[in-house]
Amino acid sequence: MGCTVKSLIIVESPAKAKTIEKFLGSRYQVKASRGHVRDLPKSQLGVDLDQRFAPKYQIIPSQRTTIKELKAALGAADQVYLATDPDREGEAISWHLAHALGLDLTSPLRIVFREITADAIRKAVEEPRPIDLALVDAQQARRVLDRLVGYQLSPLLWRKVRRGLSAGRVQSVAVGLIVGRERERQAFVSQEYWTVSATFLTAAEVSLSAELATVGGEKPDLGSQESVAAILSLVQMDQPFLVAAVSEKKRRRLAPPPFTTSTLQQEASRKLGFSVRRTMSVAQTLYEGVDLSGGERVGLITYMRTDATRVADEAKAQAHQYIRQHFSEAYDHPVDRRVKAKPGVQDAHEAIRPTSLERTPDQVQSHLNRDQLRLYRLIWERFLASRMSPADLKATAVDIAQGQVVFRATGSVVLFDGFLRVTNIPDDDEELRTMPAVAVGDPLTIAAMTPDQHFTEPPARYTEASLVKVLEEKGIGRPSTYAPIIDTIQQRGYVELVERRFAPTVLGEVVVDLLAAHFPEVVDPAFTADLERRLDRIEDGKQVWQDVVGSFYEDFSARLKTADKDMARVKMPVEPTDQICELCGKPMVIRQGRFGPFLSCSGFPECKNAKPLAKGTGVTCPVCHQGEIVERKAKRRQRVFYGCSRYPACDFTSPLKPVNRICPQCAAPYLVERRHGGQLTVSCRAPGCSFQEEVVVAASHDQ
C-alpha cells in the first residue's frame, strides 16, 4: 500500500518541480504554478482610482486549468508550502496563489531557498514563514505604477503619433539614454592627434617598444603633422639613446567579486557574445537543475537575480577548503574583500555562485549543452577566483632619452599569479608585457620610429552590456527587469541593433522628445531611480505603497490632461529612397507603420502602392544575376526567409541567410549562416561541396 501524500509544494516552473521532487521523496508532491496565476485585466485599466488604487486582479485565462489542478492536489494534502522564487515577484506569486487557492495568508506556508540542492530544500521546509506582505506591496506598487503609466500614456501616443505605441516608466528612460547618446555622437567634433612609437634594441638585440613621453621635460603637443615633424627632427637616428631612468614598483591586483546579475550579463556579453536574454535563460536552467550521472538532478548555481556580492559562510568555507586542496595555502585568501555597496542595492540574496565547487565544469560538461557549459564555467571560475589571493606584479617603467626627447616603455611581470591562476591573463592585457633587463646608462639602438595619425572618436553607442551597466549605475530597474526592458524597446521599434549596438529609430526619437516635453519625469533617470528607492522603502516596511503611487499619480494625471489638449498631432517624417514606384513613377519613401517601417509611394494618398521594406544582404542573386538577395517575412507565421529583390520576375528563395563571401573550397558566389545551440557557422550550399566553418562571435570590450 502506497504512502499518502502529506505535503504539497508549489513552485513556479515544471523544471524546478522535477528537481525538488527527487530530493524529498514520496511524502511530498511538487507542482508548478507556471508563473503568475492572477494579474490585472488586459482589456481595462484594472486599478480603482477612487479606492486608493485598489488593483482588480483576475485569474489569468490561460491559468484556469493550472488552478484547477492545484486545487485537486491541495485536497489530497495535509500541508501546503509555497516555494516560488525568493524575490518580490516570487513573493507576489505566492500571495496570488494563496488568494486563488483560498489559503490562510497568516499561516506559515511560505518557504524560501536560494539554491536548489537537497540540503537547501530540506532546510527551507523546516523553516516556513507567513507571506511577507511588505515584499508583496512593493511588487504591487511597481505593477500599479507601470499599469497607470502604460495604460494612460500609451493611448495618448496612439492619438498623437500612431497606433500600437507604448510608453513605460522604465523603458522610456532606457530609450531616452540611447537617444541622448546618439545626439552626443551627432554633435561630436572630431579632433586630430598623433602618437609616436619607437622600437629599441638592447646590446643583446632584445627589442623594447616605447611611446614618446616628453620633449624638453614637457608633454609634447601632437595635434598636427607639422608639430610631430618638428619633434622628429630632434631625433638623430644614427645616434644611440640612453636609459635615463628605471623604476620598479610592486603592485597588487585584487580578485574581482563574484557575479551579480548585471556583472554576469556584462561579462557573458563580453566573453561569450551572449545577449542579456540569452544569459538569463541559460542561467535559469542552471539554477532550476540539470540531470547528472546516476539520475541525480541538481541546481548548479544559486539564484541568478541579485545585486549583492556577499557570500554565505558555508560557501566561503567550501571555497577555502577547495583552494587549499587543489592549489596551496598561498592561494587561499580567507579575509573578505570589502566591496562598497552602490546606492539602491537591495542585498536580498547572495552573489551568483556554484552550489558546489566540487562540481567542476569539466566534471559536468557531458551533461550540459554548449551554452550551459560556457556560462557555468564563467560563474564557477569567477566565484573561485573571488576567494583567492591577489596577484602580485612588478611594474617597470623605463625612460629612454636622447637630448630633449624621452620615450617611455612600461610593462609588468607576474611575481605571484594568485587568482589569475584560475581566470588566466587576457591575451590583450598590455600591462603585463614582459620587459627586458636594462640599467641606467645602458645605450639602446633605435630600430624604428613610427608616427601615427588618429582622430578622437565620438562616444560609443550602447551595447546590451553597457546599457545594463548604465541602468544599474543610475539605479534604473532591478536585476529581474534588465532583460524585459531591452526586449520591449526593440519590439516597440524604438531602437535597433546596428553592429551589436543600439541606435534609436526615428520613431524612438519622436516619442522621447514628446515625453520629455510633456512628461519629463517619465524620461528622467534621477526621478525613476528615486521611485525605485521608494519601492525599496515599501519592501522595508517604511512606506505605504498607496502613498508612493498617489504622490506620483497626482502630478502625472494633471500632466496627462494638459498634454491631451496641448500636444499636437505628430506627422512622422519619411525617409527618401532611390527606388521608383512601378505604378506611377514617383520616388518611393520609407514610412513608419504600426508594424514597423515599410516602403510607400511618395504620391500617397493618390497612389497607394506600398510593400515591405526589404533588408539587403549584399549578395547578388545566383539565379538571375541581377537582383539582390533580401530578407523577407512569410505572411502567415512571420517566418524570416531570403529571396531575390526582383520577385516575382525571379523566384529564388533560401531559408538560410546568405553571406557575401565566395566559398574558398569550390568558389561558389556566396555562403550561408547556420545557428544551432548558440553556435554560428558559415557553410556552402553548392552541390557536392562540404565546406563549413565555425564563426567566433565578436564580443565588444567597450563596457
Considering only the range 12-68, state which residues are closer than 30 Å to Gly295 by Cα and β-branched (Val, Ile, Thr). Thr19, Ile20, Val30, Thr66
Scanning the range 239-256 for residues that are of a type in the set (A, V, I, L, M) and not in a strand (DSSP E or B), the one farthest from Val405 (Cα to Cα) turns out to be Ala255
When the range 559-587 is examined, which residues are found to be at pLDDT below 90 and assigned to a loop (DSSP other than H, G, I, E, B)? Met567, Ala568, Arg569, Val570, Lys571, Met572, Pro573, Val574, Glu582
Can you pull out every residue in the range 56-66 that is surrounded by 17 or more Cβ atoms within 10 Å (Cβ to Cβ) and within 16 Å of Ala92 (Cβ to Cβ)? Tyr57, Ile60, Gln63
Total residues in the range 194-215, condition in contact with a Gly (Cβ under 9 Å, 6 or more places away or on another chain) and loosely packed, with under 15 Cβ neighbours inside 10 Å: 0
Boolean, Gln236 is in the same structural domain as Leu375 (by TED's automatic domain parsing) and among the polar types (S, T, N, Q): no
Every residue in the range 410-432 that is at pLDDT below 75 and of a type outside the set (Val, Ile, Thr), please. Asn424, Pro426, Asp427, Asp428, Asp429, Glu430, Glu431, Leu432
Enumerate the pairs (first residue in the range 577-589 and in the same structural domain as Ser602 (by TED's automatic domain parsing); second residue anywhere and assigned to a loop (DSSP other than H, G, I, E, B) and among the β-branched types (Val, Ile, Thr)) with beta-carbon separation below 6 Å, excluding pairs fewer than 6 apart on the same chain, so at least 6 apart or on different chains. Val589/Val574
Considering only the range 157-164, I want to know if a residue exists there that is farther than 30 Å from Lys219 by Cα, in contact with an Asp or Glu (Cβ under 6 Å, 6 or more places away or on another chain), assigned by TED's automatic domain parsing to the domain that holds Val512 and among the charged types (D, E, K, R). no
Restricted to the range 535-558, and to residues that are among the charged types (D, E, K, R) and either touching a residue at least 60 places away in the same chain (Cβ under 8 Å) or outside any helix (DSSP H, G or I) (or both), which residue is surrounded by the fewest Cβ atoms within 10 Å (Cβ to Cβ)? Lys542
List the number of the failed condition for Thr106; all other conditions in (1) over 12 Å from Ile10 (Cα atoms); (2) not in a loop (DSSP other than H, G, I, E, B) hold. (2)
Closer than 28 Å to Gly550 by Cα and in contact with a strand residue (DSSP E or B) (Cβ under 8 Å, 6 or more places away or on another chain) - does that describe any residue in the range 28-38? yes
Look at Val470 and say whether it is of a type in the set (Val, Ile, Thr), buried (at least 21 other Cβ atoms within 10 Å of the Cβ) and either over 30 Å from Lys249 (Cα atoms) or assigned by TED's automatic domain parsing to the domain that holds Gln171 (or both). no
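The values are calculated or read from the model by the stated rules, or taken from the named source; none is laboratory data. Only a predicted model underlies this, so the values are computations on that prediction, with no experimental measurement involved. Counting neighbours? That spans all protein chains shown, and the Cβs are built from the backbone with ideal geometry, glycine included.
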